[in-house]
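Encoded as structure tokens, the structure appears first; notes follow it.
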């Protein structure tokens, strides 16, 4: 059985709260989408959509990612987490900041509460960044995966800095361009620089591990790293200082080439896998890799325009964000939860019992039936929401929102089944 390296693993009390918060945030997110209702058909720059986006990105995705990354540091960096105490403090501060920030956006308190919520969020993310950087500093292993992760953390810092500046600008008006311009930069750096690079860094280690794949071409990861970062740096410089939209397509192409190298690496892993049957952890993971093509196509439409009227472009922009957050990131998290959290719980409960009694396998700590059900319901959610947004149909969106609520409930059942798992003692046969 391929498992995560347990050497230097942090205490489960560092990781588990992040999965608890993240799973509950997914439930809250589904409720918010239901309450937002017709607001989802409006411009992507409205209070409800911005609040939903931040709950999805920060409350759901980032919290799960933080918890998983704390567990994966020993695997990728081959060193222990710099400070478990700092990680625990960061969790509580981040949780408070996320709830405060989301509430602020929901009620549209841009000139009052937003400043305080953004500063609090900035401090919490900065503490996380410091912890990861110091862990990386102590690492003796500087491979391609660790470089992706530490670069992603750097882009996270830039993302949060820009977000904080946007928040301050609502009151003090010191930025030269309109808020939508900086929001585009904030979102692009966050989704590509932070999430995509982090997923590549972690995925390039875990996907071959879980598929049991060998003899892969690591040069593809090197090319992916340089192409994506070069394109993102160039785009950022252009959007901040040069303002020549006509050259955006060149930098977009750099990023797409980089993504293509990573997808080629994933395809090689899949092709050369020794474990032929995909489990409930890897099915969504492979689907998320395929789903990357959707935002690539939509970003091309947004960049070039193709003479499409603005209303339709706005829908494509909304679909672009939706396809990344829900099509790519959330699909991946739903799968990888069943590869990471069961091992964390198993390690906490059964490490000292190995060799003394029979112990269950990590996959026996959750209900595979429930996991499969919410996977297929999630596919329906994606279908209804994509059609609803594209055709501007509120009833399709409403059906999709209730499907997501069902997914959230089932996902929470499995997560809490693992969190509250009680040790099962089975005497070994003589």
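The values are calculated or read from the model by the stated rules, or taken from the named source; none is laboratory data. Everything numeric here is computed off the predicted structure, so don't read it as measured data. In this analysis, Cβ positions are derived from the backbone assuming ideal geometry, glycine residues included, and neighbour counts consider all displayed protein chains.
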Condition (residue is at negative phi, in contact (Cβ under 8 Å) with a residue 12 or more places away in the chain, touching a helix residue (DSSP H, G or I) at 6+ places or on another chain (Cβ under 6 Å) and in a loop (DSSP other than H, G, I, E, B)) applied to the range 241-252: is it met by at least one residue? no
Residue 160 being in a helix (DSSP H, G or I) and closer than 29 Å to residue 302 by Cα: yes
Hits in the range 218-233 (condition: farther than 15 Å from residue 190 by Cα and in a helix (DSSP H, G or I)): 219, 220, 221, 222, 223, 224, 225, 226, 227, 230
Checking the condition more than 30 Å from residue 8 (Cα to Cα) and surrounded by fewer than 22 Cβ atoms within 10 Å (Cβ to Cβ), which residue from 380, 347 passes? 380
Quick one: which of 424, 369 is surrounded by fewer than 17 Cβ atoms within 10 Å (Cβ to Cβ) and more than 21 Å from residue 337 (Cβ to Cβ)? 424
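Residue-wise test of (1) touching a strand residue (DSSP E or B) at 6+ places or on another chain (Cβ under 7 Å); (2) surrounded by fewer than 16 Cβ atoms within 10 Å (Cβ to Cβ); (3) free of Cβ contacts under 8 Å to residues at least 60 places away in the same chain; (4) farther than 16 Å from residue 21 by Cα.
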| position | (1), (2), (3), (4) |
| --- | --- |
| 75 | no, no, no, yes |
| 83 | no, no, yes, yes |
| 95 | no, no, no, no |
| 111 | no, yes, no, yes |
| 133 | no, yes, yes, yes |
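Is the range 375-398 home to any residue that is within 18 Å of residue 340 (Cα to Cα), at pLDDT 95 or above and in contact with a helix residue (DSSP H, G or I) (Cβ under 7 Å, 6 or more places away or on another chain)? Break it down into steps so the answer makes sense when it comes.
Within the range 375-398, the subset within 18 Å of residue 340 (Cα to Cα) is 375.
Subset that is at pLDDT 95 or above: 375.
Keeping just the survivors that are in contact with a helix residue (DSSP H, G or I) (Cβ under 7 Å, 6 or more places away or on another chain) gives 375.
The answer is yes; a qualifying residue exists.
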Test residue 125 against the criterion of being buried (at least 19 other Cβ atoms within 10 Å of the Cβ) and in a helix (DSSP H, G or I), and give yes or no. yes
Can you tell me how many residues within the range 350-376 are farther than 16 Å from residue 13 by Cβ and either in contact with a strand residue (DSSP E or B) (Cβ under 6 Å, 6 or more places away or on another chain) or in contact (Cβ under 8 Å) with a residue 60 or more places away in the chain (or both)? 14
Take residue 150 and decide whether it is crowded, with 18+ Cβ neighbours inside 10 Å and either closer than 15 Å to residue 62 by Cα or touching a helix residue (DSSP H, G or I) at 6+ places or on another chain (Cβ under 8 Å) (or both). yes
